[in-house]
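Participant: Pasting a structure below so you can have a look.
The values are calculated or read from the model by the stated rules, or taken from the named source; none is laboratory data. Predicted, not measured: the structure shown is a model, and the values here were computed from it. Positions of Cβ are backbone-derived with ideal geometry, glycine not excepted, and every protein chain shown enters the neighbour counts.
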Amino acid sequence: MGRVTQGMMNAQLLRNLNTNLNRMNNESNQLSTGRKINKPSDDPVGLTFALRYRSELAANEQYQKNVDSALSWLEYTDTTLDQAGSVLQRARELAVNGANGTNPQEALDSIKSEMGQLYNQLVSIGNSQFNGKYVFNGQKTDIPPYSVDNATKDKTDNSAIQYEIGAGVKLPINATGEQVFGKADSPDNAFQVLQDLMGALEKGETGKVSELIGKIDQRMDSFLQIRSDIGAKTNRVELAQSRLKDININLQDLQSKVEDADFAEVITKLQVSENVYQASLSMGAKLITPTLVDFLR
């Protein structure tokens, strides 16, 4: 065994003091930041998990935003369809009244006038916008799908607007104008039916008015089917919303276990480290103090 010199003891003492200081510094950092990983070297494996959890949380938060947007769109579409249904219901009531052969032409003209107002209202509903986007024109959300003068012939875009509500899970959330109001130039196109009713009323053709009531009923049945589909999609999105909230809580819990400092444990460790450091200083003072002069006294 080699000879231990005063210099060796001093160097070892400094190394030990530095180790204690580093330990105290790490524990102080954990207390001040509330995190047990403040740099990669603190826990390389834990850091890998922490980064993965952060990435998954960020993706999950985006899915939650998508779900919120999808729900808002679906709810707005359902409200709009309800308004359109009310318009057609009123048109049906007018048609039933207009089909009465005892009406004088003045009464039929009055009914036609109100039918014209309903037509304009239905075109306005067809051009409904949600957050500045036309909801019934597929992916061409910046273009109004219908014009007052040509609504019966206007062809809407039939592309689906899809929202990603989970990893690899996409859901089309829009209803196209063609689905809602009927194909252009189709006999049961909602705008065409109203125009045909106006034409029949103007000519006093009460029999044709009576026939067109069936076309209104066909379109209203389509409305109910679409609203049912929207309701089913809304339920699915709400389930996804609930699941995403659960996933978020789970990921936050996992992230906390990896990253968050245990304050009681850290405070205890820091207190021990401070005591060790003070003891090291006290012992070091005794080791460094002796000199040759002290021995000669």
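Participant: Here is a check on your reading of the model: is Ser28 in a helix (DSSP H, G or I), at pLDDT 90 or above and either farther than 30 Å from Asn131 by Cβ or not charged (D, E, K, R) (or both)?
Facilitator: Here the answer is no, as Ser28 does not meet what is asked.
Participant: Looking only at the stretch 192-214, filter to residues that are of a type outside the set (Val, Ile, Thr) and in contact with a Lys or Arg (Cβ under 9 Å, 6 or more places away or on another chain); which one of those is nearest to Asp78 (Cα to Cα)? Give the derivation first.
Facilitator: Filtering the stretch 192-214 down to residues of a type outside the set (Val, Ile, Thr) leaves 192, 194-205, 207-208, 210-212, 214.
This time we only want the ones that are in contact with a Lys or Arg (Cβ under 9 Å, 6 or more places away or on another chain), so: 192, 196-202.
Values: Gln192: 23, Asp196: 27, Leu197: 26, Met198: 28, Gly199: 31, Ala200: 31, Leu201: 31, Glu202: 34 Å.
In this case the residue turns out to be Gln192.
Participant: Would you mention how many residues in the stretch 99-142 are among the β-branched types (Val, Ile, Thr) and part of a loop (DSSP other than H, G, I, E, B)?
Facilitator: 3
Participant: Given the structure, is Leu239 in a helix (DSSP H, G or I) and either surrounded by 17 or more Cβ atoms within 10 Å (Cβ to Cβ) or over 20 Å from the mean Cα position of the chain (by Cα) (or both)?
Facilitator: no
Participant: Here's a follow-up. Find all pairs meeting these conditions: Cβ atoms under 6 angstrom apart; at least six residues apart or on different chains; first residue within the stretch 216-240 and closer than 19 Å to Ala95 by Cα; second residue at pLDDT below 95 and not small (Gly, Ala, Ser).
Facilitator: Cβ pairs passing all conditions: Gln218/Asp188; Arg219/Asp188.
Participant: Still on this structure: Under 7 Å between Cβ atoms, which residue pairs at least 6 apart in sequence (or on different chains) link something in the stretch 137-152 that is farther than 19 Å from Thr77 by Cα with a partner that is among the aromatic types (Phe, Trp, Tyr)?
Facilitator: Ala151/Phe191; Thr152/Phe191
Participant: Just for the stretch 162-177: of the residues that are out of contact with any Pro (no Cβ under 6 Å at 6 or more places or on another chain) and surrounded by 19 or more Cβ atoms within 10 Å (Cβ to Cβ), which one is modelled with the lowest pLDDT?
Facilitator: By that ranking, first place goes to Ile165.
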